[in-house]
Each structure stands twice: as structure tokens, then as C-alpha cells.
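Below: the structure, in C-alpha cells.
The values are calculated or read from the model by the stated rules, or taken from the named source; none is laboratory data. These numbers come from a predicted model, not from an experiment. Note that we place each Cβ from the backbone using ideal geometry, even for glycine, and neighbour counts take in every protein chain shown. Please note that ligands, DNA and RNA were not included when accessible areas were found on the heavy atoms of the full protein model with its side chains. Shrake-Rupley method; radii C 1.70, N 1.55, O 1.52, S 1.80 Å.
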Amino acid sequence: MKFLVFLGTVRDSTPPKPARLGERVTRACIECLNSRYPEHDFELVDALDYPLEAVFKPQFAYPRSKAPAKLNELADKIQSCNGYIMVSPEYNHSMSPALANLLNHFGSSLFSYKPSAIVTYSAGQWGGMRAAVGMRTFLSELGCLPVSAMIHVPKAQEVFAADGSPLEHEQQSSWFNYFARTFNQLIWWAEAATKHQSAVDPHKMVKDFKANPSQRNAP
């Protein structure tokens, strides 16, 4: 199966130090995924590669031939993959606005009926857990329901080096075992969803909202 790992921060400056704390957490997650689930593919999607535009216009608002090529390419990846890992810092007790902005470019029909996993981190003691609470609602509305286990990395600058390797006093196996509780759930649900979608097309059973939000209104 194929999974996308979204790194949801565009902060690349200091203070605070170190810059791009989420990059090391994401690298650690990808190393865990590649080492423990080698039969699957995992691809990084970095929000920093999709700069904010002056006027927000989602990918689905363009005619297909007129949409920016990078957004079309990402839309195809989102639609074709089997699940998602969302990595986010916590800003004001909320998920990264850069991650929300990037995901909001794409219709929920691309994400729907696939699972997701939530990974948060912080430079402080809470590991971004308050942002994770809000991410449950956001991802559920996209249709990629998050698995129950979550990953939180407090004081990430004291856990992982810039390349994602554990610092001297940390054990990689212990962190990977912790990560695996969430990733095992993600893999299980992705396999179940993929298998069932081959038998029943959910987009035919439940029509996607493509024309007007009023399609979801009660009569």
C-alpha cells in the first residue's frame, strides 16, 4: 500500500531554536515506517514545498487543465494512496494553519474512506496533544478517520537529532515501539478499507458533494 506523510509546518526560522523541529520528528517517523513496514511505500509531503498564495483558491475550484501542476500532482497522490500520517506542531492549542491550508485545497472525496494517523510534537512538555484533539475533528470531516492511538513527542529537540536519529540518552527501539502502536492501527485499517473498497465502491454507495454544499442539507 501507499501512504503519504504530511509535514505540516512552514516555520523555517528562529527563534525558537532549533528551526523546523517537526522535520526531525517526521524523519524519525519515516525511518520507523520504512524499517517496520518495508512492504509498503511512504512518501513525504512537506507543506514548505507548497507556499501560501496571496488569494486562497483550492485545487478543486479550478478546471483540471488550469489548476497549478503541483496541486494536480498532489491531488492524484492523495486519491491513489491508502492512508495518511499527519505531523503537526501546536500553535495556540490548535493544529498548524499551514497544514490546514494545504489540506483544504482538496475535496474530501479524495481523502474519504481511508484512515489517518495523528503525530504532534512540541518544544515543551505537552507534545502538541491539544492540537491533536482538534485534528480529530478536522480529519474526520475530510473523511480520513484518525485511528484511536496517537503519537505525541514532548521536548522533541531533546529526543531526536536533526536527521531524525535519537539523541544519545534516547533508545530508538523504545520510540519505535511507541510509534508502532499508532502505525499498526493505521496499517490494519488501511488494509481493511482497501480490501472492502475492492468489493464495494463507497463513492457509488454514498455520493460525493461536488456541486453545492446544500447537497448535505436535510430536506
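Looking only at the stretch 91-120, residues that are over 12 Å from the mean Cα position of the chain (by Cα) and closer than 19 Å to A61 by Cβ come to 9 in all.
If you check A218, A149 for being assigned to a loop (DSSP other than H, G, I, E, B) and over 18 Å from Y37 (Cα atoms), only one passes: A218.
Flag set for D208, criterion: open to solvent by less than 90 Å² (accessible area, probe 1.4 Å), touching a helix residue (DSSP H, G or I) at 6+ places or on another chain (Cβ under 9 Å), at pLDDT below 95 and among the acidic types (D, E).
Yes or no, residue by residue, for (1) part of a helix (DSSP H, G or I); (2) open to solvent by 20 Å² or more (accessible area, probe 1.4 Å); (3) under 21 Å from R181 (Cα atoms); (4) of a type outside the set (F, W, Y):
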{"position": "Y84", "(1), (2), (3), (4)": "no, no, yes, no"}
{"position": "A98", "(1), (2), (3), (4)": "yes, no, no, yes"}
{"position": "L102", "(1), (2), (3), (4)": "yes, no, no, yes"}
{"position": "F106", "(1), (2), (3), (4)": "no, no, no, no"}
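Exactly one residue among A161, A132, A149 is aliphatic (A, V, I, L, M), touching a Lys or Arg at 6+ places or on another chain (Cβ under 6 Å) and surrounded by 15 or more Cβ atoms within 10 Å (Cβ to Cβ), and that residue is A149.
Among the listed residues K70, K57, K66, K77, identify the single one that is free of Cβ contacts under 8 Å to residues at least 40 places away in the same chain, open to solvent by 10 Å² or more (accessible area, probe 1.4 Å) and touching an Asp or Glu at 6+ places or on another chain (Cβ under 9 Å).
On the way: K57 fails: touching an Asp or Glu at 6+ places or on another chain (Cβ under 9 Å); K66 fails: touching an Asp or Glu at 6+ places or on another chain (Cβ under 9 Å); K77 fails: free of Cβ contacts under 8 Å to residues at least 40 places away in the same chain.
It is K70.
Note on the stretch 12-49: residues that are touching a strand residue (DSSP E or B) at 6+ places or on another chain (Cβ under 7 Å) and polar (S, T, N, Q) amount to 2.
The set of residues in the stretch 164-177 being surrounded by 15 or more Cβ atoms within 10 Å (Cβ to Cβ) and assigned to a helix (DSSP H, G or I) consists of Q172, W175, F176.
Do the conditions hold for Q171, that is, is it among the polar types (S, T, N, Q) and touching a Lys or Arg at 6+ places or on another chain (Cβ under 7 Å)? Even if it seems obvious, please write down each step before you answer.
Values: among the polar types (S, T, N, Q): yes; touching a Lys or Arg at 6+ places or on another chain (Cβ under 7 Å): no.
In short, no.
Residues that are within 16 Å of the chain's Cα centre (by Cα) and surrounded by fewer than 19 Cβ atoms within 10 Å (Cβ to Cβ) are absent from the stretch 14-29 altogether. Of all residues in the stretch 108-135, those being of a type in the set (K, R) and outside any loop (DSSP other than H, G, I, E, B) number 1. Contact annotation: residue pairs with Cβ atoms under 6 Å, 6 or more positions apart or on different chains, pairing a residue in the stretch 91-106 that is within 11 Å of F6 (Cα to Cα) and in contact (Cβ under 8 Å) with a residue 12 or more places away in the chain with a partner that is among the hydroxyl-bearing types (S, T, Y) and open to solvent by 20 Å² or more (accessible area, probe 1.4 Å), are L102/Y50.
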